[in-house]
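The block underneath contains the structure these notes are about, expressed in structure tokens.
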Amino acid sequence: MTRTRFQHELDRLKQNLLAMAGMSEQAVQRAMEAYGSRDSKVCRLVLTGEASINLAEREIDDLALELLAMQQPMAVDLRFILAGIKINADLERVGDQAVNIAERVMRLITLPPADLPLDLPRTGFLASLMVRQAIEAFVRGDAALARAVLQMDDQVDAMNDEAYVTMSRVMRDTPQYAEQALNLLLISRNLERVADHATNIAEDVIFWVQGANVRHGVQVSTGGS
């Protein structure tokens, strides 16, 4: 494989990841739209869209592995491909979380409505924003923006902790709404997982751009350029 063709294939890998990111982010947004509208048709859009995300994941993995096998890249190109493989997996899992949310919403639709004190749209907005900015950091090769995404994760964690306390109180004090509260708590947990996957993507961008492994709050440089 010539260098020109290799660069073309790297660009194709990047574009495929961007397309998958769009599908995964849209799935989360649709799931939260369904939550707000209690629209089972929108839930089904999320469920049927999972197949496209899964197919995209397999195609990206195949392309990345082919690049590793045929070119044996070094330094920054190697880090880019390795980061792409991990980002691909996290984007697929974002799609899985959207499916989980849609399934919880479909269950909520069958239950009596309950006005519970939990602002899930705010959590959903922040989790989706984290995914969007993590991908933007990937597009721009912007480690500073990726680090900003890491800081946002604490906010989503705090929202999820608050949801646990609030919904546990609802289940204790108004047991007739226990199932509704449990479903809202599970949605909050799914959104927290979306934020975790966005955090992973941001960490992979930092690894690609700077050669630094910042997972688990510890920075380790891999060296090279």
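The values are calculated or read from the model by the stated rules, or taken from the named source; none is laboratory data. Please read these numbers as outputs of a predicted model, since none were measured by experiment. Note that we place each Cβ from the backbone using ideal geometry, even for glycine, and neighbour counts take in every protein chain shown.
List of remarks:
- Residue match in segment 164-173 (condition: touching a helix residue (DSSP H, G or I) at 6+ places or on another chain (Cβ under 6 Å), closer than 29 Å to Y35 by Cβ, in contact (Cβ under 8 Å) with a residue 24 or more places away in the chain and in a helix (DSSP H, G or I)): yes
- Qualifying residue in segment 37-57 (condition: in a loop (DSSP other than H, G, I, E, B) and of a type in the set (S, T, Y)): no
- Matching residues, segment 34-57, being acidic (D, E) and either buried (at least 18 other Cβ atoms within 10 Å of the Cβ) or over 19 Å from N183 (Cβ atoms) (or both): E50, E57
- Complete set of residues in segment 120-161 that are of a type outside the set (A, V, I, L, M, F, W, C) and in contact with a Ser or Thr (Cβ under 8 Å, 6 or more places away or on another chain): T123, D153, N160
- Among residues that are under 19 Å from G84 (Cα atoms), more than 16 Å from the chain's Cα centre (by Cα) and surrounded by fewer than 16 Cβ atoms within 10 Å (Cβ to Cβ), A158 is not included.
- Annotation: N88 fulfils all but one of (1) modelled with pLDDT under 95; (2) within 24 Å of N213 (Cβ to Cβ); the unmet one is (1).
For every residue, the table says whether it meets (1) buried (at least 19 other Cβ atoms within 10 Å of the Cβ); (2) of a type in the set (S, T, N, Q); (3) within 14 Å of the chain's Cα centre (by Cα).
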position: E162; (1), (2), (3): no, no, no
position: R172; (1), (2), (3): no, no, no
position: Q176; (1), (2), (3): no, yes, no
position: A181; (1), (2), (3): yes, no, no
position: L186; (1), (2), (3): no, no, no
position: N190; (1), (2), (3): yes, yes, yes
position: V194; (1), (2), (3): yes, no, yes
position: A202; (1), (2), (3): yes, no, yes
position: F207; (1), (2), (3): yes, no, no
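- Among the residues listed as R107, R58, the single one being within 24 Å of M159 (Cα to Cα) and over 16 Å from the mean Cα position of the chain (by Cα): R107
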